[in-house]
Amino acid sequence: MMRNLDITTLRSFVAVADTGGVTRAASFLHLTQSAVSMQLKRLEEMLGVELLDRSGRNIGLTSAGEQLLGFARKMLSLNDEIITRLTDQAFEGEVTLGVPHDVVHPVIPMVMQRFNVQFPRVKVNLCTSNTRDLKMDFAQGRFDLIVTTETTASEGGEVIHQMPLRWIGALGGQTWRQRPLRIGFCRNCIFRGLATAALDDAGIPWEMAVDSESDRTVEATVSADLAVGVLLEGTQPAHQQVIDHGGSLPQLPVQHINLYGAERSRAQYVDHLASLIRQGFAGLSQPGLRAVGTEMVSAPVQLGVV
């Protein structure tokens, strides 16, 4: 007897894989955590295999789960395409989205992938830049939507997430112990003024070790333990780490992840893109947590318990 897979359970399974945990998937899907858990259990019982490895501290996909994930994505894509085409929702158009480079991953790729499935004829033009330039261009009408990192939200901004700032240094680095403290920032980095003000308030002498317009130059200098920098927690590259300074460096403010443009949008697909962005950042659940998707890490996939 042939059995039929439930699209709803497959969507929950893919959401768990994409967002990194049951709680974040539930937030993304606007369901309760128990509902997502029950759907996953139902899917495992129907297939007669375990899809999630719950034996360790973290939840991971089993080999069967990894195999199912590719098929599930295809089925969801086909399902959504059928609904779109046969219900006369094949919108056509273009939307411009601006996002700071340090908060593009992991949310924006997942948002764009999902949006493309639902609106295949709408082109998304993604631009990454710094918050200051994004806001200036947005004010001149060059973007439909922008995401920003700011201490507060300006008029028209909607706070959709919060992430703490952290002092970042080289792996095993010791530069953070030196005085004057050698720091490195891009000239247009919005965190630069926050960091120097915090150091001044704490009475810690500092000097600018690198003053560049290139993020890569700053990244290389910090990674070589020639300076320390400031990043949103969880966005540091693998060759850098959050400095465990034990209070030797001043505390930095929490940053708001803000969304601009949703209120003034006129096209339905722009509203929908804004909604997906909200869901994506809400799915991060806690400040500093980063979702893990299978396309971003090598197998076996590790999904954080939340």
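The values are calculated or read from the model by the stated rules, or taken from the named source; none is laboratory data. On a predicted model such as this, the values are computed, not experimentally measured, just so you know. Note that we place each Cβ from the backbone using ideal geometry, even for glycine, and neighbour counts take in every protein chain shown. Areas reflect the complete protein model, heavy atoms only, side chains present, ligands, DNA and RNA absent. Shrake-Rupley method; radii C 1.70, N 1.55, O 1.52, S 1.80 Å.
What the table below lists for this structure:
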| quantity | calculated |
| --- | --- |
| Pairs with Cβ under 6 Å, 6+ apart, first in the range 220-249 and surrounded by fewer than 15 Cβ atoms within 10 Å (Cβ to Cβ), second modelled with pLDDT of 95 or more | H239/S223; H245/W176 |
| Evaluation of H30 against (1) free of Cβ contacts under 8 Å to residues at least 60 places away in the same chain; (2) out of contact with any Asp or Glu (no Cβ under 9 Å at 6 or more places or on another chain); (3) under 30 Å from T128 (Cα atoms) (one fails), failing number | (1) |
| Residue list for the range 94-118, filter: open to solvent by less than 30 Å² (accessible area, probe 1.4 Å) and either part of a helix (DSSP H, G or I) or out of contact with any Ser or Thr (no Cβ under 8 Å at 6 or more places or on another chain) (or both) | V95, L97, D102, V103, P106, V107, I108, M110, V111, F115 |
| Flag if D80 is under 30 Å from V230 (Cβ atoms) and modelled with pLDDT under 90 | no |
| Residue match in the range 104-114 (condition: without any contact (Cβ under 8 Å) to a residue 40 or more places away in the chain and over 29 Å from E213 (Cα atoms)) | yes |
| Restricting the range 120-141 to residues that are farther than 24 Å from F191 by Cα and touching a Gly at 6+ places or on another chain (Cβ under 8 Å), the residue that is least open to solvent (accessible area, probe 1.4 Å) | V122 |
| E81 in contact (Cβ under 8 Å) with a residue 60 or more places away in the chain, among the acidic types (D, E) and either in contact with a helix residue (DSSP H, G or I) (Cβ under 9 Å, 6 or more places away or on another chain) or farther than 15 Å from Y269 by Cα (or both) | no |
| Residues satisfying the stated conditions in the range 175-194, i.e. of a type in the set (K, R) and not in a helix (DSSP H, G or I) | R179, R182, R187 |
| Residue list for the range 176-203, restricted to those being under 17 Å from H245 (Cα atoms) and touching a strand residue (DSSP E or B) at 6+ places or on another chain (Cβ under 6 Å) | W176, P180, L181, R182, I183, A195, L199 |
| When residues of the range 250-287 are limited to those that are assigned to a helix (DSSP H, G or I) and of a type in the set (F, W, Y), the one surrounded by the fewest Cβ atoms within 10 Å (Cβ to Cβ) | Y269 |
| Options A197, A220, A209: the member that is over 24 Å from the mean Cα position of the chain (by Cα) and either of a type in the set (S, T, Y) or part of a helix (DSSP H, G or I) (or both) | A197 |
| Filtered residue count, the range 153-171, keeping only those that are modelled with pLDDT under 95 and over 28 Å from A274 (Cα atoms) | 0 |
| Hits in the range 160-195 (condition: open to solvent by 20 Å² or more (accessible area, probe 1.4 Å) and either among the hydroxyl-bearing types (S, T, Y) or farther than 22 Å from R132 by Cβ (or both)) | L171, G172, Q174, W176, R177, Q178, R179, P180, R182 |
